[in-house]
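Every number here is computed from the coordinates shown, using simple stated rules; none is lab data. Please read these numbers as outputs of a predicted model, since none were measured by experiment. Glycine also receives a Cβ, built like all others from the backbone with ideal geometry; neighbour counts cover every protein chain displayed.
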Amino acid sequence: MYEIRPAHDTDFDQVVTLLHRLQAVPEHTIGYHGETREELTAELTDLQWPSATVVAVDGTDRVHGVLSFDVDPTLGRVWWHGPFVDVPAEHPAADRIWDRTADALHDAARASPALRDISDSELFGHVEHSRLAGFARRHGFPSGQYTSVLAVDGVDLVRLIGTVPRCHNAVDVHEFLTPPTDSVAAAALIVFVHLREARGKSLKPIARWLIAAVVVIACVATTVQVYRIGDSGAKATWSKQSAVGSSTP
């Protein structure tokens, strides 16, 4: 059994190395973390390293497990970045070691004063991470919806940008493919009509026809853009399927 303790500043390189290796394996992937050392370094720093991280270490102080958390006191919610447990897949007791270490990491993190009044928790892991699913069941996380994560970079991103008119970078692609705000305006018009009628004030027929025309145009524009998003996305590679779960004890 590993020793569970708060992370120290001197653990940082070990933790980044461990996460970098495990994030590349679907059976260990956590959706809240990136996959490159640069991403992981930035994320741990944003999580106010080392105050929001606990680790599992052996007798030589080598890190074998990590669990970080991101807490929002206003929402009363914590997002669990882990747990990660490095155990050899061929070890005869691998599942038991993972479970015990993960539970111990969770218990230690839960004791943090920052989580004293937090009742809502959320996990986000790869669908092939069966140990995380077991962890979620033990700690009362219901099953959530599945989320597809599309990762496009390098040559694929260049090709995608080249298929969209007037787009010269990733930001341009996002702005162009995002469904237009006209649909929001159309919804607002519908609500406006409803409120007027609820108050006993009807609109003139010409106004009704104009609003109906705006709504139809907005819906068509949104449909076209959503189709373009799907068509462009279909030309890239879906990198991983992830599952979400939240718990309110």
(request) Taking just the C-alpha trace of region 24-151, give me its Rg and Dmax in Å. (result) 14.4, 44
(request) Tell me which residues come under 5 Å, amide H to amide H, from His64 once H is placed; ignore anything under 5 positions away on its chain. (result) Ala56, Val57, Asp58
(request) Would you please put 79-87, 17-25 in order of how densely packed they are, using the mean number of other Cβ atoms within 10 angstrom per residue and starting with the highest? (result) 79-87, 17-25
(message) Run the numbers for Arg137 and Gln48: contour at 0.36 nm per residue of separation, minus the present Cα-Cα distance, in nm.
(response) 29.2 nm
(request) Calculate the length of the line joining the C-alpha centroid of region 94-126 to that of region 46-64, in whole Å. (result) 13
(request) Just add up the charged neighbours of Tyr2: K/R +1, D/E -1, any other residue whose Cβ is under 11 Å from the Cβ of Tyr2. (result) -1
